[in-house]
Amino acid sequence: MIPLSKPKKGASGKTGMWRTEKPVLDKERCTNCLLCWVFCPESAIYRTEDKVEIDYEYCKGCGVCANECARGAIKMEEE
Amino acid sequence: MNAGGFNPNLKGLSQQEDLLLPGHRLCAGCSASIVVRQVLKAVRGPTIVVNATGCLEVATTIYPYTSWALPWIHSAFENVAATASGVVAAERAFERKKSEPKSDVIAFGGDGGTYDIGFQALSGALERYDDFLYVLYDNEAYMNTGIQRSGSTPKYAWTTTTPVGSVEAGKMEYKKPIDLIVAAHDIPYVATASPAYWRDLIVKARKGIEVDGPAFLHAISTCDRGWRHDTSDTIEIARLAVETCYFPLFEVENGEFKLTGRSRAIAKRPELKKPVSEFLKPQGRFSHILKNQSMLEEVQENVDRYWERIKKLCGE
């Protein structure tokens, strides 16, 4: 048997457990510019029809999205 | 700047499946995965990834799972380019014998696996003119093993093997100009990029994939553990690296040097250039420089000298 690894989300578990602060998106302010999406180190921001969603199962809470959001639509809140 | 009509926009790119899946073990705020995500947005079809040993490799492939939703191979620290050469050769044979279309090959290596340990394999693959894109994610030290200095660590940076004390103030040697060394191999495409300028990076990655022969993409990749900065500052620092001309954005197409994006704008309007202290300030590894005026001046002079050299090469 060749030891092949299988691709899966959470190859290292539910990394959302690492988080101490969580990004909270204000959908009213969000213009869906997708900068948070392109700068997310975790691929934890994904697109829905007209807005983005944050995948809290894997988001490690680094805060890059909140820092880069030009509209200030993402705030970091303590868990 | 375009790669055969490839004109990426975030709306289109975000509709594609992510090829690096969430839930890997890279640190919060790690820039390596941002670079990888952006590069993988540039793929044009079946692609095989070859990975050197390093943070990226150990953190994304915890057996029996992997975060890579595409074929991926790792062999050792020193031979990512040689492994890529082998994959390219196998692809050529498949194409010849079974007329199967070739997959593109992308190699990822950190600065340790590129500047130091993997350098002869890289140089050999470039000389053999093997058709693959080599992506260097440069976090300027051996971060995976605990922040030891590498050939890429800049002068005066603190690492665990270049401590700051009364005898020495961080690393005492200069950062190797790897882009110029690689460009000296006369390969068809060499470029630098910063994940803060995502479009510039993605277009360059696509150009590197499309050219016949080897291509080299050098992306600055901040490391919050090793650079001692806040996890949320990752992109901000990657942007300041370009805005201060510490890390100019340029490309070399068939020997022709050209500044791109923000760096080209700074060459045209020098008042946009920020002092290097703005790049140093958020990083703990440089905190001793900011307390020492003569050291800070020397760092600024070195940045200016390198920027002038790149501008001259680019005919600006």
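Brief remarks follow.
- Residue ID - surrounded by the fewest Cβ atoms within 10 Å (Cβ to Cβ), chosen from residues in the range B:255-288 that are in contact with a strand residue (DSSP E or B) (Cβ under 8 Å, 6 or more places away or on another chain) and closer than 20 Å to B:Ile147 by Cβ: B:His288
- Extreme residue, nearest to the chain's Cα centre (by Cα), among residues of the range B:191-205 that are hydrophobic (A, V, I, L, M, F, W, C) and either within 13 Å of chain A (Cβ to nearest Cβ) or under 10 Å from B:Ala238 (Cβ atoms) (or both): B:Ala193
- Only one of the numbered conditions (1) surrounded by fewer than 17 Cβ atoms within 10 Å (Cβ to Cβ); (2) of a type in the set (A, V, I, L, M); (3) in contact with a Lys or Arg (Cβ under 9 Å, 6 or more places away or on another chain) is violated by B:Val242, and that is (1).
- Set B:Val39, B:Val49, B:Val105, B:Val35: member being in contact (Cβ under 8 Å) with a residue 40 or more places away in the chain and away from chain A (no Cβ under 14 Å): B:Val105
- Extreme residue, nearest to B:Ser232 (Cα to Cα), among residues of the range A:1-23 that are facing chain B (nearest Cβ under 7 Å), free of Cβ contacts under 8 Å to residues at least 40 places away in the same chain and not in a loop (DSSP other than H, G, I, E, B): A:Pro7
- Scanning the range B:278-316 for residues that are touching a residue at least 24 places away in the same chain (Cβ under 8 Å) and hydroxyl-bearing (Ser, Thr, Tyr) yields a total of 2.
- Test: residue in the range B:77-96 that is part of a loop (DSSP other than H, G, I, E, B) and of a type in the set (Ser, Thr, Tyr): no
- Assessment of the range A:53-65 against the conditions (in contact (Cβ under 8 Å) with a residue 12 or more places away in the chain, within 10 Å of chain B (Cβ to nearest Cβ) and assigned to a strand (DSSP E or B)) yields no matching residue.
Values quoted throughout were computed directly from the atomic coordinates according to the rules given, and no laboratory measurement underlies them. Model, not experiment: these values are computed from the prediction. With ideal geometry, Cβ positions are generated from the backbone for all residues, glycine too; neighbour counts draw on all protein chains shown.
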